[in-house]
Structure formats: C-alpha cells, structure tokens
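The values are calculated or read from the model by the stated rules, or taken from the named source; none is laboratory data. Note that the coordinates shown come from a computational prediction; the quantities given were computed from them, not determined experimentally. A quick note on method: Cβ atoms are made from the backbone with ideal geometry, for glycine too, and the neighbour counts reach across all protein chains shown.
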Amino acid sequence: MYTRVMRSIALFALSSLLASPQDSSRITLEQTAPFRALAEELSKKSGEKVLIDSGVEDKTLELRVRDAGFYQALDALCRAHGGVTYVKDEIGSLEGRGFAVRQGAWIEHPASYSGPYRVALHSLTRIKSTSEKGAHAWVRANLEVFWPPSLSVTRTSGSRLWECTAAVDREGRDVRPTDGAEEPDELVSVHTGAGYGNSLSHSIRLADFDIAGGLQRFEGKAVVEVARGVDVRVPLKAGTKVETPQGAVLVQSVNELRKGDDGSSWLISLKYEPRKPGKGRGREVFEHDARLDQKVDVFLSYSWEEDGQIEIKTWNETPRPKVLVLRARDEPMTIDIPFSFKNASFKAK
C-alpha cells in the first residue's frame, strides 16, 4: 500500500512538471570561476548532470545569468568559453553518443527557450525543382529541439509533430505554405541534425522567399512525448528478471559466439514483459543507447521485436559481459514545446 501511494505521489509530481514545461525552476548564477567549477554549480542548481569531456580547457570565466532555464544557462556558459559545444555534428556515429559538453567551436544559432527546453533554428534551405509536374521553389526551416539529460523525449505517433503558426519574411509576407502544397514525390526532403542523444531534428516546409533576408517572425511548436529517463542495471545471468518503470526485462541467455586472443564476442538474448499487456513495446520503452559493463556502447535502434525479444551482439572481443545498463522511460506524456524567433537570419559563408 505504501509503495503504491508513494508511486502515485511521484507520478503526480512528474505529471505536474511535464504538463507545465514553462514552470521549471529558474537558475541564477553570477560568479567568476574555472569552467568545470561553473558547470558543477550549474548541475547543482538545475538538478541535471552536466558531463564535461576530458579534453575541454578549464579556463577561468565570468558568468552572469539571472532567472534562466537550464539551456539558457548552459548556452551562456558555452558562449563564455567559446571553445566548447554540446551540439552533435555527425549522424550515425556511436562515438560520443549521449549528452556531454565537448571541445569544439561554439556556433551561435537563433534559439528559443521554453522552461528546460531549447529549440534552435540551424539553417534555412531554399530548394528549386523542375520536373514533369512543373517548376517549383520552396524553403525548409531546419529546427532542432533539445531537452535536459534527466528527460527522455520521442516523437509523437501520427502526423502531429511540429506546427508552424507564423512565418513572416523580411518584406512582411506570410510565407507559411498554402493548404495542399506538397513537395514533388521524387525529391528527397532536406533534414538536419543527428536527432540522437538529447535532441530531435525536423524541417518545416515554407513558401518560397529570399532566405538572405531571413525571417522577421517565425513561431510554432513541437509536439513530443516526454518521460523521465531511468538507468536500469541488468545483471547478465540467465533467468535474471529486473523491474523497469513500465515492465520487466528477463535475461534468457548469454552465449559465446567467437573466441579470440583478447576475449570473445557474445550474443545476449533478452525479453521485455510489459506490466500492462499490450502497452509499451520495447522500442518505445527504452532509449536507443545502452552500455555493457559501463565501457562498451550498444545501439539498440529498432532491434526490439514485436513480442519483446531482442538479441544484442558484441562485435569486439571482450571478457564475458556482466551488466547491461538500459535507459528506460517512465510513463510518457504528450506536451507542446513552443518556439518563437524574431529577425532570424544567417550570414553567407
């Protein structure tokens, strides 16, 4: 009874937080200190774990932020340093997956903040096409939404994902696409951003305009599913069952595939059993990233079968893995993350 009551209280508190993303705690940080000390202070004030790669220069900075959200404060810290970033610039690489501040030039993109979330406008892309259907031209506004490390965000099911409520170019023209306007079927849509770790990317189709002048006004929202992320340690011993927020993971077997000089490759068979039958498939309940023995990254992608089965193969030779760390999602909620940009433009390279 006590456990059920406490879980209900926790879920109510989580629902209140996620239903009102604008009402998250605000951060004030005004001090001069080494970069890592400032990052640690930001972690304490936000309750979020800010990881710093070892190669980052720990130089002394002056940071002044008042009543800021998590990403507003983090952006100010990265901007003050100038030589660090958390934005990924590659797609599909396992290396460096997950949220971390790493060495790299800080690039200032138009950004919109909503509570603990950040929406960045990365670029405007003008596309021209001539086909049997005629000549067409339009613009793609390439966006990316970021969320704090403690949260897990996925796209909502169905067509409702990103919505544009206002788009005005430098000349004052409404450049939202007209109803029924579509791109030619033979064209591959422009898409930007990795969409792994702590961000999702998307591009919104707009009517044709002079992108050199940018957008005088650009507003809308991202519609996503948000849940708390929970690390689940699964001891890799056949027959072990571990509870997760929405069900249980059963270890069926751990088999040696190929023996080598430095160890062996392994095949791990698991099964996910949802607590509520028919609700929550493995691919929806767990993040794509997992880790073996805190050392070997595993990318699960869409490997979960419909019946909850998954097989994980290690391609490098290692000792027998002992623990699998999964990132599980608690009960998700659908929320709106609004964005608003004014006078957003990009300089030609």
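So which residues in region 25-51 are under 17 Å from Val84 (Cβ atoms), acidic (Asp, Glu) and touching a residue at least 12 places away in the same chain (Cβ under 8 Å)?
Listed by number, the residues that qualify are Glu41, Glu48.
If you scan region 256-288, which residues turn out to be assigned to a strand (DSSP E or B) and of a type in the set (Asp, Glu)? Give the derivation first.
Residues of region 256-288 that are assigned to a strand (DSSP E or B), as a first pass: 256-260, 263-274, 286-288.
Of everything in region 256-288, those that are assigned to a strand (DSSP E or B) and of a type in the set (Asp, Glu) turn out to be Glu256, Glu273, Glu287.
Do you know which of the residues in region 185-234 that are part of a loop (DSSP other than H, G, I, E, B) and of a type in the set (S, T, N, Q) is modelled with the highest pLDDT?
First pass over region 185-234, keeping only residues part of a loop (DSSP other than H, G, I, E, B): 185-198, 208-210, 214.
Now restrict to residues that are of a type in the set (S, T, N, Q): 189, 192, 198.
Details: Ser189: 46, Thr192: 41, Asn198: 80.
This residue is Asn198.
Got a sec? Which strands (runs of 3 or more DSSP E) wholly within region 304-348 have at least 3 residues that are assigned by TED's automatic domain parsing to the domain that holds Val254 and surrounded by fewer than 19 Cβ atoms within 10 Å (Cβ to Cβ)?
Because the criterion is at least 3 residues that are assigned by TED's automatic domain parsing to the domain that holds Val254 and surrounded by fewer than 19 Cβ atoms within 10 Å (Cβ to Cβ), the strands (runs of 3 or more DSSP E) in region 304-348 that meet it are 309-313.
How many of the residues making up region 247-267 are at pLDDT 90 or above and touching an Asp or Glu at 6+ places or on another chain (Cβ under 7 Å)?
5
Name every residue in region 99-122 that is within 18 Å of Val223 (Cβ to Cβ) and part of a strand (DSSP E or B), in order of residue number.
Correct list: Ser112, Tyr113, Ser114, Tyr117, Arg118, Val119, Ala120, Leu121.
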